[in-house]
Amino acid sequence: MAISVETFFLSPDSHGTLQARIQQMIAEGILSGRFRVGEKLPSSRRLAAHLGVSRITVTLAYTELLANDYLTSRGRSGYFISENAPVPPTFTPPTRGEETVDWSRAIGRRFTGGNTLEKPLDWATYRYPFVYGQTDPSLFDHSNWRLCALRALGQKDFSALTADYFDQDDPRLVEFIARNTLPRRGIIARPEEILITLGAQNALWIAAQVLLTQRRVAAIEDPCYYALRDILQLSRCHVAPVAVDRHGLPPASIPSESDVIFTTPSHQCPTTATMPMARRHDLLKRARDIDALIVEDDYEFEMSFLDAPSPALKSLDTDGRVIYVGSFSKSLFPGLRLGYLVGSESFIREARALRASVLRHPPGHIQRTTAYFLSLGHYDALIRRIRETLRKRRAAMQAAIDSHGLTIAGTGAFGGSSFWMQAPPGTDTTDAASRLRAKGVLIEPGEHFFHGADRPGNHYRLGYSSISSERIPEGIAHIARVLETA
């Protein structure tokens, strides 16, 4: 029996090359039971005409499926579903009855109910996406990343791809971080003092789990990265919010009972304030005086296009009390989920053991691909291109914001990729954000970054890493008009 060509169609939501999409379409038909053993497929010419693709594309897809035993060829008769093709499941699950488990009692700890800002997954479809931390596809080096990924899939790197590192990491990636990335921040560290993590957020979680208990106090910036606050609440420690000023975290305001101080000195999150050198020394002295540790989140230091960034707080640390958090997810793409912790060997030893018990290690292929991308110079070239683009976009943002009389509450001294904004008192930026979405404009309401019940609702963040300079003026105009009526 021949399968009608009319049953074949390419889903608009599928990804990959045309050949890969055709292979997937046929394989899914077999696995779902729609196509059965012995049935004949349409000829490559007929299917190509039906799908509107070249005949060679269909022929290559058929050849690949033939090699994988999904299809069989019978001379000039054509292609048929192979007898060795995967058999679709025949198990029929039993009818589910009404659940009798009382989940309100069965759940021992709750991890929902945080104050995390929700970002739309379809942000790229909006005309004016003033979102933070997303990747602009027009800037990313797709071709060289693909080549590095293919190289990491080669026989030479078979062990890096398939090995179980247990609690260790890709030595090539660790070596590059130690010899190239950290020295740029003035940090000297041995491999035993470096741990690869699943992004900066995972690094912060590991640090909180290792350093904090129910009896210890964590000092945090207010406002701060909202996910950090959720992490600390789950650790059940005592949280002491410290209001930041135009220079970031004020050391004198840190409570003396603090055990761990979390800070973002290079680009305060979300105000983007840069901590001056004098204050960095004061912060280290304050931590020494109260015998506290410091967790430094050094996100976006690569985005310093206005001036050279100040040395990391970790580079000024002489007694080993600073734990450094870095990330490649911010500068490459957020889906990479690759960061690192740098600290004293005693701390890293415990952090490594914790990571091993939870997820063992980040995927070896991702680590090796990133190591190649970094070591071959592609990363530095990408960063230079991003910096130049952000410089132009920042200028366009500044001009548009000034022309519409909007208020900037915080700007990074060395660059960055966002502005921290303040609307008139009484403005509900959450409501304004909802209204702006209907106009194709995305902004980030600011209340999620603040601590406590009475959070100010008139702040918002405008990112410019994913919006073209040409669309910035019109997007800012929309924001100004909505805020006038908010």
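Only the coordinates and a few stated rules stand behind these numbers; no lab work does. The structure presented is a predicted model; accordingly, all values stated were derived computationally and were not measured. For neighbour counting, all protein chains shown are included, and Cβ atoms are generated from backbone atoms with ideal geometry for every residue, glycine included.
At-a-glance table
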{"read-out": "Within segment 286-395: Cβ-based charge dipole about Cα centre, in debye rounded to nearest 20 (Lys, Arg +1; Asp, Glu -1)", "value": "580 debye"}
{"read-out": "Sequence of Asp122, Asp428 once ranked by neighbouring C-beta atoms within 10 Å, starting from the fewest", "value": "Asp122, Asp428"}
{"read-out": "5 angstrom amide H check on Val242, placed H, neighbours 5+ away", "value": "Ile220, Glu221, Asp222"}
{"read-out": "Pairwise centroid distance, computed over Cα atoms, of segment 205-282 with segment 1-77, Å", "value": "57 Å"}
{"read-out": "Sorted by Cβ neighbour density within 10 Å, fewest at the top, the residues Leu228, Leu121, Leu153, Leu198", "value": "Leu121, Leu153, Leu198, Leu228"}
{"read-out": "Charge sum, other residues only, whose C-beta stays under 14 Å from Val239's C-beta, Lys/Arg counted +1 and Asp/Glu -1", "value": "-1"}
{"read-out": "Proximal lysine pairs, the chain, alpha carbons under 27 Å, eight or more residues apart or interchain", "value": "7"}
{"read-out": "Per residue convex hull volume, Cα atoms of segment 1-126, in Å³", "value": "210 Å³"}
{"read-out": "Residue (of Leu31, Ala243, Ser465) at the positive-pole extreme of the chain, dipole from beta-carbon charges", "value": "Leu31"}
{"read-out": "Karplus-derived HN-Hα couplings along segment 353-360 (A = 6.51, B = -1.76, C = 1.60, θ = phi - 60°), whole Hz, x at Gly and Pro", "value": "5, 5, 4, 4, 6, 9, 9, 6"}
{"read-out": "Estimated 222 nm signal from helices in the chain, with DSSP H stretches of n ≥ 4 weighted -39500 (n - 2.57), rounded to 500", "value": "-11000 deg cm²/dmol"}
{"read-out": "Positive-pole candidate from Trp420, Asn68, Leu332, dipole of the chain, charges at beta carbon", "value": "Asn68"}
{"read-out": "Cα-based helix-to-principal-axis angle, 18-31 vs the chain, degrees rounded to 10", "value": "70 degrees"}
{"read-out": "For segment 471-486, Karplus couplings with θ = phi - 60° (6.51, -1.76, 1.60), whole Hz, Gly/Pro x", "value": "8, 4, x, 5, x, 5, 4, 4, 4, 4, 5, 5, 5, 5, 9, 6"}
{"read-out": "Net charge, Phe176 excluded, C-beta distance under 13 Å - Lys, Arg +1, Asp, Glu -1", "value": "0"}
{"read-out": "Backbone HN-Hα couplings from phi across segment 135-147 [Karplus 6.51/-1.76/1.60, Hz, Gly and Pro as x]", "value": "9, 7, x, 6, 9, 5, 8, 4, 5, 6, 5, 4, 5"}
{"read-out": "Relative contact order for segment 5-81, counting Cα pairs under 8 Å that sit 6 or more residues apart, in percent", "value": "34 percent"}
{"read-out": "Ascending count of other beta-carbon atoms within 10 Å, so fewest first, for Trp205, Trp103, Trp145, Trp123", "value": "Trp103, Trp123, Trp145, Trp205"}
{"read-out": "Estimated dipole of segment 142-376 in Debye, rounded to 20 [Cβ of Lys and Arg +1, of Asp and Glu -1, Cα centre]", "value": "440 debye"}
{"read-out": "Relative contact order %, the chain, counting alpha carbon pairs below 8 Å whose residues are six or more apart", "value": "18 percent"}
{"read-out": "Helix 378-403 axis, angle to the chain major axis (alpha carbon atoms, nearest 10°)", "value": "60 degrees"}
{"read-out": "Alpha-carbon radius of gyration plus Dmax, which is the widest Cα pair, for segment 142-376 in Å", "value": "17.7, 56"}
{"read-out": "Cα-projected label distance for Asp380 with Ala252, points at 7 Å along beta-carbon direction, nm", "value": "4.3 nm"}
{"read-out": "Cα-based helix-to-principal-axis angle, 364-375 vs the chain, degrees rounded to 10", "value": "60 degrees"}
{"read-out": "Cα Rg, Dmax, segment 288-430, angstrom units", "value": "19.1, 54"}
{"read-out": "Whole-number Å³ per residue for the convex hull built on Cα positions in the chain", "value": "203 Å³"}
{"read-out": "Dipole in debye (nearest 20) - the chain, about Cα centre, beta carbon charges: Lys, Arg +1; Asp, Glu -1", "value": "1200 debye"}
{"read-out": "Prolate/oblate/rounded label for segment 58-115 (Cα gyration tensor, a/c 1.5)", "value": "prolate"}
{"read-out": "Rel. contact order, % - alpha carbon contacts under 8 angstrom, at least six apart, segment 142-376", "value": "30 percent"}
